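Enquirer: After the structure tokens below, expect a handful of questions from me.
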Amino acid sequence: DKVLFMTTAVDLVITEVQEPVRFILETKVRVCSPNERLFWPFSKRSSTENFFLKLKQIKQKDRKNNSDTLYEVVCLESESERERRKTTASPSLRLPQSGSQGSMIPSPPEDDEEEDNDEPLLSGSGDVSKECAEKILETWGELLSKWHLNLSVRPKTLSALVRSGVPEALRGEVWQLLAGCHNNDHLVEKYRILITKESPQDSAITRDINRTFPAHDYFKDTGGDGQDSLYKICKAYSVYDEEIGYCQGQSFLAAVLLLHMPEEQAFSVLVKIMFDYGLRELFKQNFEDLHCKFYQLERLMQEYIPDLYNHFLDISLEAHMYASQWFLTLFTAKFPLYMVFHIIDLLLCEGISVIFNVALGLLKTTKDDLLLTDFEGALKFFRVQLPKRYRSEENAKKLMELACNMKISQKKLKKYEKEYHTMREQQAQQEDPIERYERENRRLQEANMRLEQENDDLAHELVTSKIALRKDLDNAEEKADALNKELLMTKQKLIDAEEEKRRLEEESAQLKEMCRRELDKAESEIKKNSSIIGDYKQICSQLSERLEKQQTANKAEIEKIRQKVDDCEHCREFFNKEGRVKVASSAKDGSDEDTDEEKETLKNQLREMELELAQTKLQLVEAECKIQDLEHHLGLALNEVQAAKKTWFNRTISSIKTVTGVQGKETC
């Protein structure tokens with residue numbers, strides 16, 4: 001009844017603030033006695049607090065680096081603290097210095113302190129070593145090799161090996177073989193279909209997923225791979241087993257299986273455990289079989305540990321209370337993982353009765369501590385201290401050895417089960433018929449009210465569904481009308497497009513014919529120009545040969561004349577060796593007229609020859625110019641042909657695009 005508070009410190013790293021800012025949150029805490037509830041619902045009430053933060057810019061010289069603008073915290077004050085300060089004039093809350101922040105964070109408790117505190121051990125705690133002696137692995141390897149030869153028969157040495165614990169590296173394979181679903185393709189395919197269906201218990205599954213193995217890395221992240229796989233398995237089983245659906249505790253068993261095998265195989269083993277090992281019977285007929293297990297455990301305690309049984313009677317701790325605490329601890333996997341895995345080993349190998357061995361082993365080893373407890377202390381011991389005692393693998397191994405060595409006959413369990421049912425029948429017979437009928441009447445009335453409420457809900461849902469369906473139908477009809485209109489428009493557009501396609505094909509054929517004619521014309525012109533160029537080249541070559549011949553003849557004639565001049569005594573006087581005319585004296589000029597006439601004749605001949613040579617050279621130059629001009633015209637003609645080809649093609653494409661675009665706009 002005391003009012004307690006819990007203080008939470010949150011260190012927030014803020015950009016451009018030099019040190020992390022610590023926010024202090026305070027909230028009320030309610031402390032409950034251990035026996036108040038078996039399951040305390042996790043509350044999700046949110047707590048909101050406003051803070052006022054005052055910052056001061058750090059000067060340039062005081063900064064560690066000059067890259068960014070930095071601030072330091074002057075003061076930090078919560079809204080509730082500000083209100084409290086206004087009423088009590090208390091000083092404002094200051095941000096602690098960075099050096100003193102470490103002292104404000106409480107150090108984690110030591111192992112001894114953790115054993116004594118009231119906090120229960122989180123499910124999924126404890127490390128499981130994968131190391132195993134080589135000799136043990138060889139023994140298991142030989143056993144599995146023989147087992148795979150005949151999977152329908154278990155090896156004789158299997159039970160003894162399982163009691164010592166299955167090696168962690170082999171558990172996935174061994175569990176599937178023990179459950180008989182090593183090659184169950186039917187359940188695997190069934191699982192892939194089931195995960196696509198909706199579960200009516202989706203909210204309960206989602207709520208329990210976050211509570212399952214919160215201490216294990218694979219399941220601690222909300223929305224992580226582990227929680228996603230666990231959700232799918234639980235949802236698939238709730239759809240698969242419609243009679244039982246999802247029950248609290250299934251998620252822990254599914255999580256244990258997921259740590260050793262993929263989703264499909266984990267679902268198959270879960271189905272086998274629930275159906276073939278009798279776990280689903282615990283949840284049927286108002287938990288009748290579970291209460292039978294409570295009674296069997298009570299009778300076993302009375303036989304094996306009578307002093308502890310009598311102590312529980314003295315402190316008014318009824319059998320169903322400590323039995324329910326034990327079953328709760330088992331099915332919510334509060335024990336460390338090594339012990340949970342070993343219990344699953346024995347369960348798959350020897351059946352559900354192994355839980356009585358483990359329960360009696362726990363009660364025997366903790367008898368001295370339980371004899372010193374009162375009612376609340378015993379319940380707290382089961383909930384908190386008992387799981388913590390077996391955190392070490394060594395203690396857990398000793399306990400499992402003790403449990404495996406205990407002999408509990410199946411005949412005895414059958415006898416206690418028969419006693420329980422006889423007792424229940426006697427209680428029903430001894431009960432006053434009026435009270436029984438009244439209780440049955442109340443139950444039927446409650447069922448009737450529930451059914452009426454369900455009927456009202458279904459009727460309301462039916463009316464709502466009809467309205468929604470009518471609305472959906474109207475919307476569908478409107479959409480159908482709109483789609484019909486669009487279809488008619490599309491058909492008309494298709495007809496127009498086909499007509500346009502035919503027109504464009506005709507134009508394309510005409511353009512192709514025109515292009516073909518132009519190409520033929522261009523090719524004929526090219527051939528004509530090529531022939532003209534060939535003729536010009538032939539004429540030029542002939543002129544060149546003629547010029548060379550004329551030059552050779554002229555040179556020979558000149559050489560002949562020069563030779564005659566050299567041979568003539570009179571002419572030698574007037575010409576030098578190079579054939580040039582010598583300057584004659586005035587006396588000789590006046591005296592020899594014949595010589596002048598001959599000279600004049602030679603000059604005339606020479607001028608004629610030079611003129612003819614110049615004309616020949618001019619004709620050669622003109623021929624070369626014509627050749628160059630023809631070659632230029634040939635290049636232009638070739639370019640025009642190529643350009644004509646591209647131009648006609650581009651004009652055709654652009655005309656098609658233009659016509660198509662114009663008609664598309666007219667249609668719109």
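The values are calculated or read from the model by the stated rules, or taken from the named source; none is laboratory data. Bear in mind the structure is a predicted one, so any value in this text is a computation, not a measurement. Neighbour counts are summed over all protein chains in view; Cβ atoms, including those assigned to glycine, are modelled from backbone coordinates with ideal geometry. These area figures cover heavy atoms from the full protein model, side chains too; ligands, DNA and RNA do not enter into them. Shrake-Rupley method; radii C 1.70, N 1.55, O 1.52, S 1.80 Å.
Enquirer: With the condition being open to solvent by less than 20 Å² (accessible area, probe 1.4 Å), acidic (Asp, Glu) and modelled with pLDDT of 85 or more, I'd like the helices (runs of 4 or more DSSP H) fully within the range 283-361 carrying at least 1 qualifying residues.
Expert: Values: elements: 288-304, 306-314, 319-331, 337-350.
It comes to 337-350.
Enquirer: Which one is most open to solvent (accessible area, probe 1.4 Å) among residues in the range 132-153 that are free of Cβ contacts under 8 Å to residues at least 12 places away in the same chain and closer than 27 Å to Val358 by Cα? I'd like the intermediate steps shown before the answer.
Expert: Let us first name the residues in the range 132-153 that are free of Cβ contacts under 8 Å to residues at least 12 places away in the same chain, namely 133-135, 138, 141-142, 145-146, 148-150, 152-153.
When the remaining residues are screened for being closer than 27 Å to Val358 by Cα, the result is 133, 153.
Details: Ala133: 52, Val153: 83 Å².
Among those residues, the one meeting the criterion is Val153.
Enquirer: Related question: Answer with yes or no whether Gln628 is surrounded by 14 or more Cβ atoms within 10 Å (Cβ to Cβ), at pLDDT 80 or above, among the polar types (S, T, N, Q) and part of a helix (DSSP H, G or I).
Expert: It is false that Gln628 is surrounded by 14 or more Cβ atoms within 10 Å (Cβ to Cβ), at pLDDT 80 or above, among the polar types (S, T, N, Q) and part of a helix (DSSP H, G or I).
Enquirer: Something else now. If you check Glu198, Glu115, which single one turns out to be among the acidic types (Asp, Glu), more than 30 Å from Ser78 (Cα to Cα) and at pLDDT 85 or above?
Expert: Glu198
Enquirer: Name the residue that is most open to solvent (accessible area, probe 1.4 Å), counting only residues in the range 490-528 that are among the small types (Gly, Ala, Ser) and within 21 Å of Leu634 (Cβ to Cβ).
Expert: Selected residue: Ser524.
Enquirer: Let me ask something else about it. Among the numbered criteria (1) open to solvent by 40 Å² or more (accessible area, probe 1.4 Å); (2) farther than 22 Å from Asp185 by Cα, which single criterion is violated by Phe252?
Expert: (1)
Enquirer: Report yes if Ala204 is assigned by the TED database to the domain that holds Pro262, out of contact with any strand residue (DSSP E or B) (no Cβ under 9 Å at 6 or more places or on another chain), touching a residue at least 60 places away in the same chain (Cβ under 8 Å) and open to solvent by 10 Å² or more (accessible area, probe 1.4 Å), otherwise no. Even if it seems obvious, please write down each step before you answer.
Expert: Values: assigned by the TED database to the domain that holds Pro262: yes; out of contact with any strand residue (DSSP E or B) (no Cβ under 9 Å at 6 or more places or on another chain): yes; touching a residue at least 60 places away in the same chain (Cβ under 8 Å): no; open to solvent by 10 Å² or more (accessible area, probe 1.4 Å): yes.
Considered against the rule, which asks whether it is assigned by the TED database to the domain that holds Pro262, out of contact with any strand residue (DSSP E or B) (no Cβ under 9 Å at 6 or more places or on another chain), touching a residue at least 60 places away in the same chain (Cβ under 8 Å) and open to solvent by 10 Å² or more (accessible area, probe 1.4 Å), Ala204 comes out as no.
Enquirer: Can you tell me which residues in the range 600-621 are of a type in the set (A, V, I, L, M), closer than 19 Å to Ala556 by Cβ and open to solvent by 90 Å² or more (accessible area, probe 1.4 Å)?
Expert: Once the filter is applied, which keeps residues that are of a type in the set (A, V, I, L, M), closer than 19 Å to Ala556 by Cβ and open to solvent by 90 Å² or more (accessible area, probe 1.4 Å), the range 600-621 yields only Leu611.
Enquirer: With the condition kept exactly as written, say whether any residue in the range 419-431 is hydroxyl-bearing (Ser, Thr, Tyr), open to solvent by less than 100 Å² (accessible area, probe 1.4 Å), assigned to a helix (DSSP H, G or I) and outside the structural domain of Glu303 (by the TED database).
Expert: no
Enquirer: With more than 22 Å from His291 (Cα to Cα) and modelled with pLDDT under 80 as the only criterion, which of Arg439, Arg391, Arg470 stands out?
Expert: Selected residue: Arg391, the only one of Arg439, Arg391, Arg470 that is more than 22 Å from His291 (Cα to Cα) and modelled with pLDDT under 80.
Enquirer: Can you report the number of residues in the range 171-194 which are open to solvent by 50 Å² or more (accessible area, probe 1.4 Å) and outside any helix (DSSP H, G or I)? I'd like the intermediate steps shown before the answer.
Expert: In the first step, residues of the range 171-194 are kept if they are open to solvent by 50 Å² or more (accessible area, probe 1.4 Å); the result is 173, 182-183, 185-186, 189-190, 192-193.
From the residues that got through so far, the ones that are outside any helix (DSSP H, G or I) too are 182-183.
Going through the range 171-194 one residue at a time, the tally reaches 2.
One line per residue, one yes/no per condition, for (1) of a type in the set (A, V, I, L, M, F, W, C); (2) touching a residue at least 60 places away in the same chain (Cβ under 8 Å):
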{"position": "Asp481", "(1), (2)": "no, no"}
{"position": "Lys493", "(1), (2)": "no, yes"}
{"position": "Glu507", "(1), (2)": "no, yes"}
{"position": "Met514", "(1), (2)": "yes, yes"}
{"position": "Asp520", "(1), (2)": "no, no"}
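Enquirer: Could you run through the range 598-647 and say how many residues are over 18 Å from Ile539 (Cα atoms) and β-branched (Val, Ile, Thr)?
Expert: Selection size over the range 598-647: 3.
Enquirer: Pick from Lys220, Lys197, Lys190, Lys156: which is touching a Pro at 6+ places or on another chain (Cβ under 6 Å) and of a type outside the set (Asp, Glu)? Reasoning before the result, please.
Expert: Numbers: Lys197 fails: touching a Pro at 6+ places or on another chain (Cβ under 6 Å); Lys190 fails: touching a Pro at 6+ places or on another chain (Cβ under 6 Å); Lys156 fails: touching a Pro at 6+ places or on another chain (Cβ under 6 Å).
Being touching a Pro at 6+ places or on another chain (Cβ under 6 Å) and of a type outside the set (Asp, Glu) holds for just one of Lys220, Lys197, Lys190, Lys156, which is Lys220.
Enquirer: Quick one: Glu168 ticks every box in (1) open to solvent by 50 Å² or more (accessible area, probe 1.4 Å); (2) of a type outside the set (Lys, Arg); (3) under 33 Å from the mean Cα position of the chain (by Cα) except a single one, so which number is it?
Expert: Evaluating Glu168 over (1) open to solvent by 50 Å² or more (accessible area, probe 1.4 Å); (2) of a type outside the set (Lys, Arg); (3) under 33 Å from the mean Cα position of the chain (by Cα) leaves (1) as the failure.
Enquirer: Which of the residues spanning the range 176-203 are over 30 Å from Ser152 (Cβ atoms) and out of contact with any helix residue (DSSP H, G or I) (no Cβ under 6 Å at 6 or more places or on another chain)? Give the derivation first.
Expert: Taking the range 176-203 as the starting set, the residues that turn out to be over 30 Å from Ser152 (Cβ atoms) are 195-203.
Answer for the range 176-203, where residues must be over 30 Å from Ser152 (Cβ atoms) and out of contact with any helix residue (DSSP H, G or I) (no Cβ under 6 Å at 6 or more places or on another chain): Thr196, Glu198, Pro200, Asp202, Ser203.
Enquirer: Of the residues Glu593, Glu578, Glu569, Glu640, which is among the acidic types (Asp, Glu), closer than 26 Å to Ile526 by Cα and at pLDDT below 80?
Expert: Glu640
Enquirer: Here's something else I'd like to know. How many of the residues making up the range 1-48 are open to solvent by 90 Å² or more (accessible area, probe 1.4 Å), small (Gly, Ala, Ser) and modelled with pLDDT of 80 or more?
Expert: 0
Enquirer: Quick check: anything in the range 139-146 of a type in the set (D, E, K, R) and modelled with pLDDT of 85 or more?
Expert: Yes, that holds for at least one residue.
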